[in-house]
1. Give me the one-decimal nm value for the distance between modelled label points at Leu341 and Thr260, 7 Å along each residue's Cα-to-Cβ direction.
2. Highest first, please rank the peptides 128-134, 181-187, 409-415, 448-454 by the mean number of other Cβ atoms sitting within 10 Å of their residues.
3. Tell me, what ³J(HN,Hα) does each residue in the range 425-430 have, in order and in whole Hz, if you take phi through Karplus 6.51 cos²θ - 1.76 cosθ + 1.60 with θ = phi - 60° and put x for Gly and Pro?
4. Residue separation times 0.36 nm, minus the C-alpha to C-alpha distance between Ser240 and Leu92: what's the value?
5. Contour minus end-to-end for Arg176 and Val333, with contour as 0.36 nm per residue of separation and end-to-end as the Cα-Cα distance?
6. Report the equivalent ellipsoid semi-axes for the range 364-467 in whole Å, largest first, defined as the square roots of five times the eigenvalues of the gyration tensor built from alpha carbon atoms.
7. For the range 77-206, count all C-alpha to C-alpha pairs, find those more than 17 Å apart, and express that count as a whole percent of the total.
8. How many angstrom lie between the Cα centre of the range 109-164 and the Cα centre of the range 376-416?
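What follows draws every value from the coordinates through simple rules; no lab data is involved. Owing to the predicted nature of the structure, the values given are computational and were not obtained by experimental measurement. Glycine also receives a Cβ, built like all others from the backbone with ideal geometry; neighbour counts cover every protein chain displayed.
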Amino acid sequence: MFTHALPQKLCSQRILSLRTIESARCAGPLLVARTQLSPPLCSIGHGLATLQHSSTPARPHFRSFQETILTSAPRRSIACSAAAAAPVSAALAHASGLWRIWAVLSCCAALGFISERHRIGRELSGPLVATLLGLLASNLGLIPSVSAQYEVVNKFLLPLAVPLLLFTADIRRVFRETGKLLVVFVMGSVATIVGTLAAAKLFPLVALGQDAWKVAAALCARHIGGAVNYVAVADATGMSASVQSAGLAADNLVCAVYFTTLFYLARTIPPDTAAAPESGAAPASTSKEGMKVLEGAVAVAVSAVICWLAMEVQVHYQLAGFLIPIATAITVVLATAAPKLLAPLEHSAEAIAGLLMMFFFSAIGANSSVSAVITTAPSIFFFCLLQIALHLTILLGLGRLFGFSRRDVLIASNANVGGPTTAAGMAAAKGWKSSITPALLVGTFGYATATFISLAGGRVGLMKMMT
């Protein structure tokens with residue numbers, strides 16, 4: 001009885017031990033080592049070895065069962081390893097996809113800067129080139145048109161760039177140094193508002209429901225200050241992601257035609273000097289001379305603190321989506337109240353902001369889907385087209401009526417639609433050196449005011465017209 005029961009008892013212990021080993025193998029090498037060296041397992045192994053050399057033969061059913069357990073263990077280990085490797089492979093593939101997105105965005109940003117050294121890039125502007133390249137990459141399937149990485153750009157890089165852009169937003173300096181250009185810029189802003197109201201009347205975007213007035217207000221902000229203001233208004237109004245993407249895609253396509261038209265209208269206006277800028281020279285908007293690491297680090301720190309304070313205000317007063325408008329207000333107040341405090345940081349802040357903004361332009365291009373325009377609301381494209389066409393037509397007419405130069409009109413319009421970087425880039429590309437700083441200042445003024453103007457106009461006028 002004892003010799004008959006002993007193999008069965010040892011067999012059951014052996015089965016339990018093998019299962020423990022297999023579980024340990026799945027858990028990790030350290031646990032395997034500890035399990036294999038445990039005293040009970042060594043004792044069982046010694047007992048089995050003794051039985052194999054004993055005069056009492058092992059029962060056939062016990063031997064076959066033991067062989068089955070021993071031979072199936074490697075198969076279990078392979079299956080367990082495959083199961084453990086599957087999540088690792090998926091994680092690596094996901095990480096590779098994320099790096100592909102950032103690699104493409106980086107290339108688009110770099111090519112945006114490089115393009116401004118060539119005629120076609122100067123005419124379109126580096127930001128628009130970066131945007132169009134991002135749009136091309138996503139619509140060709142190289143990167144997705146929807147990704148959480150674009151949210152990283154919009155939620156972190158863009159808010160960090162906004163205060164850096166506004167370190168020069170001393171309102172007193174803007175009024176003092178821009179002269180007639182500021183008046184033309186304000187006229188251009190009014191022309192954009194008129195164009196928005198007319199487009200809302202002809203293309204009410206009924207298919208978008210509650211998002212109709214929101215995208216109209218965002219596009220109004222876009223064509224008073226720039227793309228930064230479009231995102232700020234979209235966040236503040238709670239616009240749906242699909243409509244936001246469709247609006248950006250439609251606007252990017254229209255802007256490509258718009259900027260080309262601006263340079264065509266400026267073809268006969270001579271530069272300030274006898275010679276135009278060399279083809280290989282970088283425009284002032286992208287020339288970042290005087291950047292220093294220390295000042296750059298301090299500038300980023302100041303910008304981050306401003307964003308943090310803006311977020312605290314947003315949370316305290318429950319103003320969801322108002323991070324950028326609040327950060328804008330804080331920076332403008334600081335730049336106006338203490339301009340000497342921020343003056344040493346201006347050059348480095350401009351350089352870092354320029355790089356961050358190129359990532360932003362690349363991301364808004366990548367996040368724009370042409371198919372979304374077709375499937376969501378094709379009328380958004382015609383809304384943008386009419387809005388910008390009326391803006392430029394009205395501004396050209398008012399400029400001629402009140403005797404403003406064609407040059408000031410075109411720079412002001414560029415600052416309205418593109419922002420300070422594209423306006424200064426155009427002035428540099430055409431050799432209008434005396435207009436570079438005023439273009440930057442009025443464009444910065446647009447960044448500082450467009451969001452608030454469009455939010456107020458959207459809630460007071462567009463909401464009633466389009467809902």
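1. Here the answer is 4.7 nm between the modelled labels.
2. Peptide ranking by packing, descending: 409-415, 128-134, 448-454, 181-187.
3. Per residue, the Karplus-derived 3J(HN,Hα) values read x, 5, 4, 5, 5, 8 Hz.
4. Fully extending the segment from Ser240 to Leu92 adds 50.2 nm.
5. So the extension gain works out to 54.8 nm.
6. Working through the eigenvalues yields semi-axes of 28, 18, 15 Å.
7. 77 percent
8. A separation of 24 Å, based on Cα centres.
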